[in-house]
Amino acid sequence: MKKIISTALVLIITIAQAQLYTPWGLVSTSTTANIGIGIPNPVSKLDIGTDNTQKTFINYQNRSSVTFIPNSGSWFHISTTNGISNDLTISHGGSVDENRLLTIRNTGNVGIGVSDPSAKLDVLETIALSAMNYQAGNRIDKKWMFATAGDITNMFLVPRKADDSGWDWPKQIVFNDGNIAASGRMEAKEVKVSQSPTADFVFEEDYNLPKLEDVEKHIKEKKHLPEIASAKEMERDGVNIGEFQIKLLQKIEELTLYSIEQHKRLNCQSEELKNLRTENETLKQENQQVQSLLERVERLEKTKN
């Protein structure tokens with residue numbers, strides 16, 4: 001009984017002095033009801049640390065927070081904000097929520113560098129990812145992945161297989177140094193191709209317009225227009241849309257020149273035909289006059305006889 005009373009007295013004296021030694025170090029309290037483990041002068045409701053430079057605070061500055069203090073550098077805080085929203089935040093600095101790094105709203109929106117995120121993920125500046133998956137609702141066949149290759153020179157957009165057994169790489173879209181490669185169809189309301197030079201050189205005075213006889217000979221032998229790839233070449237190498245459009249424009253401009261030349265010849269022929277008709281009409285009139293004279297001569301001869 002005396003041992004129990006003695007132990008109780010020692011415990012009361014120890015608590016009154018606000019210090020208690022445990023296998024984990026010093027446990028102390030302060031006049032503000034703060035508790036420290038391994039820290040002699042706690043500044044929050046619960047301070048845990050191995051020394052004065054490496055600590056963890058619970059409810060620092062009377063905020064619902066956890067504060068981590070490394071050996072050097074900024075303090076980091078995980079806390080909830082004051083007010084109705086009660087956002088969960090990660091911040092750094094000497095005070096809780098001083099410099100906001102991450103915000104998770106009670107709506108589920110997440111902001112990185114954004115204190116009031118308006119989307120499920122709202123990022124202030126750039127974001128770097130090695131891969132990212134996107135799925136529309138619960139539809140497995142509408143799942144996509146953005147990923148980079150091992151050398152980080154290509155960006156891939158890959159759909160998920162319909163049976164969700166893996167990624168459908170043959171249907172990938174590849175982005176590389178401003179270039180895009182797609183194995184499927186591309187559909188758009190408008191496509192603008194910037195390409196120079198154009199085919200206006202066809203209208204220069206010194207342009208050597210191919211003779212139609214030579215074009216005909218080439219078509220009979222090669223089965224395609226001059227300077228235009230054959231069907232086999234297109235199937236094997238594909239078609240450069242910009243270059244192909246210019247080649248087609250060149251052929252249209254050449255065809256325009258042929259049409260202009262043909263129009264000139266038709267006008268000449270039409271004028272010649274008009275002149276021939278005029279001459280023919282004149283000959284008819286002259287023939288009629290000659291015929292009339294012959295008839296008069298014939299009548300005169302009959303009268304003399």
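Just so you know, all these numbers are worked out from the coordinates, no wet-lab data involved. Fair warning: this is a prediction, and the values are worked out from it, not measured in the lab. Positions of Cβ are backbone-derived with ideal geometry, glycine not excepted, and every protein chain shown enters the neighbour counts.
R0 = 41 Å: FRET efficiency of ILE127 with LYS232, Cβ-based, nearest 0.05? That pair, ILE127 with LYS232, gives E of 0.35. Using a simple spin-label model with pseudo-atoms 7 Å out from Cα toward Cβ, PHE68 and ILE104 lie 1.4 nm apart.
In this simple spin-label model, placing a label point 7 Å from the Cα along the Cα-to-Cβ direction at both SER183 and THR198 gives a separation of 3.8 nm.
Placing a pseudo-label 7 Å from each Cα along the Cα-to-Cβ vector at GLU272 and ASN176 gives an inter-label distance of 6.0 nm.
The calculated FRET efficiency for ILE112 paired with GLN245, based on their beta-carbon distance and R0 = 41 Å, is about 0.40. Amide hydrogen proximity for LYS55: with H placed 1.01 Å from N in the peptide plane, the residues at 5 or more positions away or on another chain lying under 5 Å are ILE69.
Subtracting the Cα-Cα distance of VAL191 and HIS263 from their residue separation scaled by 0.36 nm leaves 22.4 nm. Within the same chain, lysines fewer than 8 places from LYS223 are excluded, and of the rest, those with a Cα less than 16 Å from its Cα are LYS232, LYS251. Take the alpha carbon atoms of the stretch 213-254, find their center, do the same for the stretch 172-196, and report the distance between the two centers in whole angstrom. With the stretch 213-254 and the stretch 172-196 each reduced to a Cα centre, they are spaced 23 Å.
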